[in-house]
Each structure stands twice: as structure tokens, then as C-alpha cells.
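Working notes, beginning with the structure itself.
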Amino acid sequence: MKIPENILITAGGTEEKIDRVRSITNKGTGKLGSLIAEQFAQYKEVKNIYYIHANNAVLPECDKVTLIPITSTDDLLNAVTKICEEKQIDAVIHSMAVSDYRVRSVLSASTVMAIAQPADGLETLFYFSDRESLTKKYNKIPSDTKDPVIFLAPTPKIIPLFRQLLPQAVIVGFKLLDNVSHEELINTAHRLLIKNGCDYVLANDYTTVEADRHEGFLIDKNKNENAFSGKQAIAEGIAKAVMSGGKL
């Protein structure tokens with residue numbers, strides 16, 4: 001196996017617009033992604049670290065890093081496609097908390113009661129006709145709007161793209177669940193690994209993240225697992241697995 005020289009890391013939480021000044025986001029901070037980048041930077045074999053990050057994400061404090069800011073899931077899709085097509089990427093650490101949904105439209109409650117889909121003549125406040133364009137009645141939804149209703153649409157899935165774009169790369173995915181058994185956590189993470197052609201998946205439960213002790217379980221294709229306690233230990237474990245030629 002080729003020793004990885006160029007690493008791609010995604011970190012933070014994506015943000016989906018509601019209107020020009022409001023958005024939907026999540027609690028992803030990018031802290032773990034920044035620690036992973038700093039850990040990889042300590043390996044002399046690593047030449048470049050491409051760090052695709054949300055606007056409010058924690059940034060790594062190290063050399064070798066090229067910062068690539070994004071906002072939405074569509075921004076992430078474009079950035080991932082561009083970097084994978086233009087650079088020789090040897091390993092991907094996809095730690096970003098990507099939104100599962102984007103805003104499709106915002107309607108008044110009275111409109112929703114009349115019809116479930118936006119249409120001409122009804123009080124549609126915002127309607128995203130596709131990923132690139134926005135048909136809007138207002139730049140900002142009026143503050144006195146009563147009971148606005150937001151309709152959501154699925155965002156494009158990013159993790160399957162990495163294996164398609166980078167057939168030879170080492171790919172590490174992440175799976176976060178909330179308050180589940182260890183067996184369910186590992187089984188769900190393993191299904192994600194197999195479905196998306198990952199080499200590893202870091203499985204973690206939000207109950208430990210929220211409690212600020214962050215326990216993570218790095219699993220491989222054979223469902224072998226290594227347990228880590230704390231973000232620093234997780235970062236070290238992921239970097240070691242990637243740089244050691246695929247050994248947990």
C-alpha cells in the first residue's frame with residue numbers, strides 16, 4: 001500500500017438557507033476534524049492536507065494545511081468533486097456533519113391547510129425551485145409572519161462519491177447515533193462502511209459527545225474495532241490506522 005501523502009479532511013456542520021439571513025444547521029464544530037488534521041501533519045510522509053470546513057468550524061493549527069471553506073451541502077459537493085478531480089488524494093477523512101435535508105419552501109400555515117405543495121396565488125414565502133436558483137417573494141421572511149411552515153428536501157449524499165472519485169484512496173467515514181446500544185451502533189456503522197466502500201468508519205454515540213467525554217469506535221470491513229476515549233485519542237487512532245497501511 002502506498003504511504004498517504006495527500007489527505008482530504010471534511011469538518012464542521014453544513015448550513016442550509018431558510019432565507020437571506022436565517023439558516024438550518026447542526027451542532028458540528030469541526031473540533032475533531034481539526035485534531036485529525038494536526039495529527040496527520042506530524043507525519044513526515046504527509047505533504048498536503050486539504051481541509052474542507054464549515055464557516056464556523058475549528059481550524060487546525062499546523063503547516064501543510066490548505067483551508068477550503070464551504071457553507072451548504074451543495075458547496076461541499078462542488079468542493080469535493082473539484083479537489084478529487086484536480087489533486088492526487090490518497091486518504092479521505094469525512095468527519096463533517098452533513099445536513100440530511102435542505103429547505104425546499106417556506107409557506108404560511110393557512111396555505112398549508114389549503115394545499116400541501118406551493119402553487120401560484122398561494123402565500124408562498126420562499127420556494128427553492130432547484131439547487132441553484134431561488135424564487136422568492138421576500139429577501140427575508142417578515143418577522144410578523146404567523147406560523148411559517150418549512151418544507152424540506154433531501155440533500156445529495158456525499159460519502160458515496162469518495163469511492164467513485166478515488167478508487168484507490170483510504171476512506172474513513174463517520175456514523176453518529178444517539179442513545180443506542182453498542183451492538184446497534186457498530187452494526188449501523190458497518191452497514192455504512194460496506195454500502196459506501198469505506199475502509200474504516202468511526203462510530204460514536206451523541207450521549208458521549210454531549211457529555212464531553214467522546215468515546216469512539218473505529219471499525220474495519222471485518223468488524224474489528226478499536227475503542228478510543230477523548231477526541232485526541234480518536235484523532236491519533238484514525239491517523240495511525242490510515243498511515244500504518246490499514247491495520248487497526
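The values are calculated or read from the model by the stated rules, or taken from the named source; none is laboratory data. Note that this is a predicted model, so its numbers are computed, not measured. As a convention, Cβ positions derive from the backbone with ideal geometry for all residues, glycine included, and neighbour counts pool all protein chains shown. We work out accessible area using only protein heavy atoms, side chains counted, and drop any ligands, DNA or RNA first. Shrake-Rupley method; radii C 1.70, N 1.55, O 1.52, S 1.80 Å.
Of all aspartates and glutamates in the structure, the ones whose alpha carbon falls short of 20 Å from that of residue 44, not counting any fewer than 8 places away in one chain, are 5, 61, 63, 90, 236.
Regarding segment 161-248, what is the average projected area of its C-alpha convex hull, in nm²? Write down the numbers at each step before the final one.
Details: hull surface 21.7 nm².
Taking a quarter of the hull surface, the average projection is 5.4 nm².
Here the accessible area of the chain is 49 percent carbon and sulfur, with a 1.4 angstrom probe and all protein chains present.
The per residue volume of the convex hull around the alpha-carbon atoms of segment 1-121 is 131 Å³.
Largest first and in whole Å, what are the equivalent-ellipsoid semi-axes of the chain based on the Cα gyration tensor, each being the root of 5 times an eigenvalue? List each step's numbers first, then the result.
Details: eigenvalues 267, 78, 52 Å².
Semi-axis lengths for the chain are 37, 20, 16 Å.
Once you list every other residue whose beta carbon is under 11 Å from the beta carbon of residue 209, what net charge do they have if Lys and Arg are +1 and Asp and Glu are -1? Walk me through the numbers on the way to the answer.
Working: positive: 27, 31, 213, 231; negative: 178, 205, 210, 212, 215.
Counting the neighbours of residue 209, the net charge comes to -1.
Among the listed pairs 87/240; 82/240; 2/31; 17/231; 17/175; 31/175, those whose Cα-Cα separation exceeds 18 Å are 87/240; 82/240; 2/31; 17/231; 17/175.
Adding -39500 (n - 2.57) for every DSSP H run of four residues or longer, then dividing by how many residues the chain holds, sets the calculated 222 nm ellipticity at -8500 deg cm²/dmol. For residue 72, nonlocal amide neighbours, meaning residues 5 or more places apart or on other chains whose placed amide H falls under 5 Å from its own, are 15. If R0 is 41 Å, the Cβ-Cβ spacing of residue 188 and residue 149 corresponds to a FRET efficiency of close to 0.85.
Across segment 135-205 the C-alpha pair distances fall into 5 Å bins from zero in the proportions 3, 13, 17, 14, 11, 9, 7, 10, 11, 4, 0 percent. Residues 14, 188, sorted by accessible area with the largest first, give 188, 14 [1.4 Å probe; ligands and nucleic acids excluded].
Can you give the Rg to Rh ratio for segment 14-75, taking only C-alpha atoms and Rh from Kirkwood?
Result: Rg/Rh = 1.07.
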